[in-house]
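In what follows, a structure is listed as C-alpha cells, so that the remarks can point back to it.
The values are calculated or read from the model by the stated rules, or taken from the named source; none is laboratory data. Because the structure is predicted, anything quoted here is derived from the model rather than measured. When we count neighbours, we look across all protein chains shown, and the Cβ atoms used for this are built from the backbone with ideal geometry, even at glycine.
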Amino acid sequence: MAPSQAEYRVYQYFVKARVDLPYDAQSYITLSTFDPVAFLAYHGGRDSIRVELLNSWMCKGHTGGKDLCPSPYEIQTGNGVGSNL
C-alpha cells in the first residue's frame, strides 16, 4: 500500500469592508485555507465584510509552518512577480 499524502485547498478572496472607512485600505485580495463559509464567519460575518471568491487550488503536503503553495493560474516572470492569466 502506498503511503498517503496530505493535501489542502487554498482560496483567494477579494475582501471589502461593509462599513465605509475613511482610508483606502478598505478592500484587499488575500489567500486563506479557510473555505468561504469559515472565512466569512471568522472575520466577523456578513455585517462586517463582503467576500468574493476569486480562485481556489489544491496543494500537496502539510501546511504546518510553510507558506501556501503558489497559484497554478499565475504566470511566473523572471523577476519573481506573477501575474494572473
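Going by the structure shown, is S56 within 23 Å of S71 (Cα to Cα) and modelled with pLDDT under 90?
No; evaluated as a whole, the condition is false for this residue.
Could you tell me how many of the residues in region 9-28 are charged (D, E, K, R) and either surrounded by 14 or more Cβ atoms within 10 Å (Cβ to Cβ) or at pLDDT 85 or above (or both)?
Selection size over region 9-28: 2.
Give me the pairs: first residue in region 3-23 and in a loop (DSSP other than H, G, I, E, B), second residue surrounded by 10 or more Cβ atoms within 10 Å (Cβ to Cβ) and modelled with pLDDT under 80, beta-carbon distance under 7 Å, and six or more apart or on different chains, which are they?
So the pair list comes out as A6/H62.
Mind checking which residues of region 30-71 are surrounded by 10 or more Cβ atoms within 10 Å (Cβ to Cβ) and free of Cβ contacts under 8 Å to residues at least 24 places away in the same chain?
Within region 30-71, T30, S32, F34, A38, L40, A41, Y42, G44, G45, P70 meet the criteria.
Just to be sure I understand, how many residues within region 59-85 are at pLDDT 80 or above, aliphatic (A, V, I, L, M) and more than 13 Å from the chain's Cα centre (by Cα)?
0
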